[in-house]
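Throughout, read-outs are computed from the coordinates displayed, never taken from laboratory work. Because the structure is predicted, anything quoted here is derived from the model rather than measured. Quick reminder, even Gly has a Cβ in these numbers, built from the backbone with ideal geometry, and neighbours come from all protein chains shown.
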Amino acid sequence: MGPGPSRMRKSLVSLVKLAMAEKEGVPCPDAETYVSEPDESCKDFIMQQTMMRVKNPKKSLDFYSRILGMRLLKKLDFPAMKFSLYFMGYEPAEDIPQDETERTRWTFSRKATVELTHNWGTEDDPEFQYHNGNKDPRGFGHIGIGVPDVYKACERFEKLGVNFVKKADDGV
């Protein structure tokens with residue numbers, strides 16, 4: 001059994017101290033001066049989704065549901081354009097409307113969903129791949145999932161066969 005929440009808190013405190021320790025050479029030390037108070041017209045804006053392209057929807061849906069515990073909130077198919085959208089999130093099953101029109105409306109009102117976009121045919125092309133952001137040129141980093149105990153979650157992921165690029169204590 002891995003370290004508990006108190007070790008994770010210590011890791012977070014260490015990370016914050018590290019971030020606060022040295023300011024020399026920081027490209028934007030005065031970030032707050034570039035931030036505006038949100039305009040009143042933005043008060044109902046939400047961060048609704050993060051879109052990620054996936055090569056194989058079957059594998060991706062399995063990962064996001066079985067490993068991360070998300071539900072499929074809505075699937076939209078676009079046969080004329082040959083792509084499908086899968087909206088995943090952490091919503092109770094009983095809250096998901098059964099009526100398809102209402103379900104679509106409801107899905108787009110949820111906060112922080114993951115939209116998996118599948119361009120048809122990519123799953124059959126062994127040479128096809130998306131850039132994952134972990135190799136040069138680096139770009140996309142990660143999506144963050146809050147869990148009660150990161151070590152227990154990682155232990156569960158390992159038992160389920162997840163291969164890690166980096167674990168919780170492997171640095172920033």
In Å and whole numbers, how far do the C-alpha atoms of the stretch 13-53 stretch along each principal axis, longest first?
37, 31, 21
Taking Cα atoms, the helix 5-21 axis meets the longest principal axis of the chain at an angle in degrees (rounded to 10) of 70 degrees
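By how many nm would the segment from residue 24 to residue 119 lengthen if fully extended, with 0.36 nm per residue of separation less the alpha-carbon distance? Please report the intermediate quantities before stating the final value.
Numbers: separation 95, 0.36 × 95 = 34.20 nm, distance 4.51 nm.
Roughly 29.7 nm would be gained on extension.
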If the elastic network links every pair of Cα atoms under 10 Å, which of 22, 37, 91 fluctuates the most in the Gaussian network model of the chain?
37
When the chain is treated as a GNM, springs tying every alpha-carbon pair under 10 Å, which of 13, 147, 26 comes out with the largest mean-square fluctuation?
26
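Suppose R0 equals 30 Å. What FRET efficiency, 1/(1 + (r/R0)^6) with r the Cβ-Cβ distance, do residue 136 and residue 67 give to the nearest 0.05?
Values: r = 27 Å, r/R0 = 0.91.
Efficiency, from the Cβ-Cβ distance: 0.65.
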Using only the Cα atoms of the chain, what are the Rg and Dmax in Å?
19.6, 56
Among 36, 14, 65, which one moves the most in a GNM of the chain with springs linking Cα atoms closer than 10 Å?
36
When all C-alpha to C-alpha distances in the stretch 39-138 are sorted into bins of 10 Å, what percent of pairs does each bin hold, rounded to whole numbers?
14, 39, 33, 13, 2
The extension gain from residue 31 to residue 166, computed as 0.36 nm times the residue separation minus the Cα-Cα distance, is 45.8 nm
Please report, in debye to the nearest 20, how large the charge dipole of the chain is about its Cα centre when each Lys and Arg carries +1 at its beta carbon and each Asp and Glu carries -1 there.
680 debye
Calculated FRET value between residue 101 and residue 78, using beta carbons and R₀ = 22 Å, to 0.05
0.85
